[in-house]
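The values are calculated or read from the model by the stated rules, or taken from the named source; none is laboratory data. Please read all numbers here as calculations on a predicted model, not as lab measurements. Because the Cβ atoms are built from the backbone with ideal geometry, glycine has one as well, and the counts that use them run over all protein chains shown.
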Protein chains: 2
Amino acid sequence: MLTIDDLGRGARTAARTLAGATAAEKTAALHAMAGQVTKAADEILAANAGDMETARELGIGTALLDRLLLTPDRIAGMVGGLRKVAALPDPVGNQTGGWRMYNGIRLQRVRVPLGVVAVIYEARPNVTADAAGLCVKSGNAALLRGSSYALGSNRAIGMALRAGLEDAGFPADSVQIVEDTSRDGARALMTATGWIDLLVPRGGPGLIAAIEAEATVPVVIDGAGNCHVYVDAAADLDGAEAIVINAKVQRPGVCNAAEKLLVDAAVADEFIPRITAALAAKGVELRGDERARSLAPDLIPATGEDWDTEYHDLIMAVAVVDGVDAAVDHIRAHSSGHTEAIVSNDYNTVQTFVAGIDSAVTMVNASTRFTDGEEFGFGAEIGISTQKLHARGPMGLEALTSERYVLYGDGQVR
Amino acid sequence: MLTIDDLGRGARTAARTLAGATAAEKTAALHAMAGQVTKAADEILAANAGDMETARELGIGTALLDRLLLTPDRIAGMVGGLRKVAALPDPVGNQTGGWRMYNGIRLQRVRVPLGVVAVIYEARPNVTADAAGLCVKSGNAALLRGSSYALGSNRAIGMALRAGLEDAGFPADSVQIVEDTSRDGARALMTATGWIDLLVPRGGPGLIAAIEAEATVPVVIDGAGNCHVYVDAAADLDGAEAIVINAKVQRPGVCNAAEKLLVDAAVADEFIPRITAALAAKGVELRGDERARSLAPDLIPATGEDWDTEYHDLIMAVAVVDGVDAAVDHIRAHSSGHTEAIVSNDYNTVQTFVAGIDSAVTMVNASTRFTDGEEFGFGAEIGISTQKLHARGPMGLEALTSERYVLYGDGQVR
């Protein structure tokens, strides 16, 4: 198995080639990668079947099994994803600012690749292709460490991606699968100072805590999504119901699903019985504060911990709040900084909510489920940042770049 | 002495007020802060005299004593700095992107303050006013931890700044001086997760190593400046001499001073004897590789360590390289990512250098000393980032902000 130094050296060398490549050359590489994934579909499906068998033997739950599973359709999805990213404009080389200094020096701020990007992720093998495509398109070498359950699938996908890179004249080490899926392997990535310019950890609270405690390389955290929907007195309640149901039920296992419902006291009498019945009919387990439970006695009493928890499941906690200011206070106290939504047709209330919230994304009269790189138009996403530095919200190509300065003078000194 | 939780709570509360303030209100606050510093000049000078006396008793070196010293002129400089930052455009609220999504949602990306910014810095008391001004102008609360030598001065400056904030109707805790200047005090800031949105450590390798090992809060590192000047065969040698002398001698103790001189072998015979004599005449201690020493035998033999060292002093190491490619390779191997300069009038050589270097700032035919927030036009700087994430190079107001998304829909669901 390659050491982190082996991986880092290969990635660093490849990164220099990638940084010098033109947009057209990188686009061609992504199409070649897509072509090789198509060609290797049978090998990838066979490797995935092996992963699935092992996972079943280990008694893995059905939700995780579904994430792990590859089908011809899902492989076509990966290929389509690579071709979609290939078609995006290249952020590298964009001049993001520039002016003439007082002394005549022409100053330019230019977007450049970060260098080597590492991603730690869960058991979804399609992330391997998505992340590789975004990294190569933005001129970065990729170190991809998926879950141990998906190692066979990731190896097969990685071989295809590397073959495509070589077809297009790029070093195979532009994309490397990290085979050490142990905790020590993750720790080696977290502390690979000098080799890694950005580490994106995607995973549960355990991974994030380990990153916060141990990482010495630059990190952008794809953290928890304890997302809120606030239904205001001035909401259209039909619209509010549709948004709450969609935000909670359409895909409860993802980070942009809503976990908390806050209802303005002024409409709680009408809305809480109605929405809790509708959610319960969709199989949602409901928990509530005292005021919510007084209107919907079936709700399980919510504990203090509930308000800070991302369930990742068909569970929702409901609270009654006294208007938008109380909603903002509740959210600021408990949010993980991902996505918060308001449903209201009152102009001033919406203004107050938008000004008061400090999360990556604020939704007005729309489902929290729209916080997503593809929905935003980024083609795909390397993760969703819940931190404030560097990148916030869905991270596309631009988040994988840095801006450096070049100053053109003619002999100026101070 | 206040605990980190006390400081954090005060800062967090003030940050919410600051985030909601208009540009005009923040500008008025900076002028009020400037006014109070002017008013408190005598108290500040008296406190500084006390710091100076203690520092002298402790046998502190003259370079540090000079940094610590305040004079009426230097206080006027702090006041001028606050007023200059007051006059800068407010980055907060700028819409940095926006489009209509496929489903009609209007998406906006908006610049917002980070929240609470902490700075750990050395014995220069003027940094206290500079950092406070930049933080308040960009809507952030500031936690400022200077060196123990400057604590009396910083307290006095902090009192004046806080009085100005109150004059302008802002919470005094918008700016707080961290009085615990021990190593534990620094560690408390580094690990104050939840209280601090950005920590900028400014200091030597010891501080940076501690940050890398221990920090759990988001950090942008103001790191070492092992800056290079490459003098190419196609350089105007008079211009090259002026740039090298300026870059090394004008202020050798700062991070944008040049530490290394690389000379193209094609002009080494002519340039090395000339530049080393000129540098020696300015009191610079010169070290060299074998090729440089064969042309200037007085040079001290450079060790391997020299090439990676930031001297912060009147010392320079000189090497002979075979053209621009070798210069780029040398710099990539040894640079700290701060500033590198080329002196050349050959178009293609300049292109090769600019493309090959991956530091925060690349200078063409200009002194490395221009890497500076004020020189760039940022009014002042909170530090110079040598990392690639979030901000790179001199950090002004924009580096103290984050960009969040607000999506305006009319009932959209997925």
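Among the candidates B:ARG9, B:ARG16, single out the residue that is within 14 Å of another protein chain (Cβ to nearest Cβ), surrounded by 15 or more Cβ atoms within 10 Å (Cβ to Cβ), part of a helix (DSSP H, G or I) and not β-branched (Val, Ile, Thr).
The conditions single out B:ARG16.
The rows are residues; the columns are (1) in the same structural domain as A:ASP306 (by TED's automatic domain parsing); (2) touching a strand residue (DSSP E or B) at 6+ places or on another chain (Cβ under 6 Å); (3) within 24 Å of B:THR216 (Cα to Cα).
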site: A:ILE177; (1), (2), (3): no, yes, no
site: A:ARG183; (1), (2), (3): no, no, yes
site: A:ALA192; (1), (2), (3): no, no, yes
site: A:LEU199; (1), (2), (3): no, yes, yes
site: A:GLU212; (1), (2), (3): no, no, yes
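So if I check each of A:ALA391, A:ALA360, which one is closer than 26 Å to A:ASN94 by Cβ and outside the structural domain of A:PRO125 (by TED's automatic domain parsing)?
A:ALA360
Name the single residue, out of those in region A:78-109 being more than 9 Å from chain B (Cβ to nearest Cβ) and among the aliphatic types (A, V, I, L, M), that is nearest to A:ALA399 (Cα to Cα).
The extreme case among them is A:VAL92.
For the structure I just gave you, tell me whether A:ILE315 is farther than 23 Å from B:ALA14 by Cα, away from chain B (no Cβ under 14 Å), among the aliphatic types (A, V, I, L, M) and touching a Pro at 6+ places or on another chain (Cβ under 9 Å).
Yes; evaluated as a whole, the condition is true for this residue.
Give B:GLY377, B:GLY383 a once-over and let me know the one that is within 8 Å of chain A (Cβ to nearest Cβ) and out of contact with any Gly (no Cβ under 7 Å at 6 or more places or on another chain).
B:GLY377
Say whether the condition of being in contact (Cβ under 8 Å) with a residue 12 or more places away in the chain, within 11 Å of chain A (Cβ to nearest Cβ) and either crowded, with 23+ Cβ neighbours inside 10 Å or of a type in the set (Val, Ile, Thr) (or both) is met by at least one residue in region B:171-193.
yes
Has region A:245-268 got at least one residue that is modelled with pLDDT under 95 and crowded, with 18+ Cβ neighbours inside 10 Å?
Checked against the condition, which is being modelled with pLDDT under 95 and crowded, with 18+ Cβ neighbours inside 10 Å, region A:245-268 yields at least one hit.
Among residues belonging to region A:345-371 that are polar (S, T, N, Q) and crowded, with 24+ Cβ neighbours inside 10 Å, point out the one that is nearest to the chain's Cα centre (by Cα).
Checked region A:345-371; the qualifying residue nearest to the chain's Cα centre (by Cα) is A:THR371.
In region A:361-385, how many are of a type outside the set (A, V, I, L, M) and part of a loop (DSSP other than H, G, I, E, B)?
7
Tell me which residues, restricted to region B:1-24, are touching a Leu at 6+ places or on another chain (Cβ under 9 Å) and of a type outside the set (A, V, I, L, M).
Selection gives B:GLY8, B:GLY10.
Please state which of the following conditions B:LYS388 fails to meet, knowing it meets all the rest: (1) assigned to a helix (DSSP H, G or I); (2) facing chain A (nearest Cβ under 9 Å).
Failing condition for B:LYS388: (1).
Going through region A:256-286 one residue at a time, which ones are assigned to a loop (DSSP other than H, G, I, E, B) and within 14 Å of another protein chain (Cβ to nearest Cβ)?
A:ASN256, A:ALA257, A:LYS282
Can you name the number of the only condition in (1) free of Cβ contacts under 8 Å to residues at least 12 places away in the same chain; (2) out of contact with any helix residue (DSSP H, G or I) (no Cβ under 6 Å at 6 or more places or on another chain) that A:ALA210 fails?
Answer for A:ALA210: the failing condition is (1).
Taking region A:210-246 as the search range and keeping residues that are within 19 Å of the chain's Cα centre (by Cα) and more than 10 Å from chain B (Cβ to nearest Cβ), which one is farthest from A:ALA366 (Cα to Cα)?
A:ALA210
Return the residues of region A:309-332 that are modelled with pLDDT of 95 or more and exposed (fewer than 15 other Cβ atoms within 10 Å of the Cβ); say none if nothing qualifies.
Passing the criteria: A:ASP322, A:ASP325, A:ASP329.
Looking only at region B:294-308, count how many residues are surrounded by 20 or more Cβ atoms within 10 Å (Cβ to Cβ) and either among the basic types (Lys, Arg) or part of a strand (DSSP E or B) (or both).
Total meeting the criteria: 0.
Of everything in region A:391-414, what is more than 7 Å from chain B (Cβ to nearest Cβ) and either surrounded by 21 or more Cβ atoms within 10 Å (Cβ to Cβ) or in a loop (DSSP other than H, G, I, E, B) (or both)? Give them in sequence order.
A:ALA391, A:PRO394, A:MET395, A:GLY396, A:LEU397, A:ALA399, A:LEU400, A:THR401 - these are the residues of region A:391-414 that are more than 7 Å from chain B (Cβ to nearest Cβ) and either surrounded by 21 or more Cβ atoms within 10 Å (Cβ to Cβ) or in a loop (DSSP other than H, G, I, E, B) (or both).
Just need a number here: residues in region A:330-374 that are more than 7 Å from chain B (Cβ to nearest Cβ) and touching a residue at least 40 places away in the same chain (Cβ under 8 Å).
20
Please pick out the residue among A:VAL354, A:VAL321 that is aliphatic (A, V, I, L, M) and touching a His at 6+ places or on another chain (Cβ under 8 Å).
Step by step, each of A:VAL354, A:VAL321 is checked, and only A:VAL321 is aliphatic (A, V, I, L, M) and touching a His at 6+ places or on another chain (Cβ under 8 Å).
For region A:201-240, how many residues are at pLDDT 95 or above and either buried (at least 20 other Cβ atoms within 10 Å of the Cβ) or assigned to a helix (DSSP H, G or I) (or both)?
Counting residues in region A:201-240 that are at pLDDT 95 or above and either buried (at least 20 other Cβ atoms within 10 Å of the Cβ) or assigned to a helix (DSSP H, G or I) (or both) gives 12.
Here are A:ARG83, A:ARG74: which of them is at pLDDT 95 or above, closer than 24 Å to A:ALA141 by Cα and among the basic types (Lys, Arg)?
Matching residue, one of A:ARG83, A:ARG74: A:ARG83.
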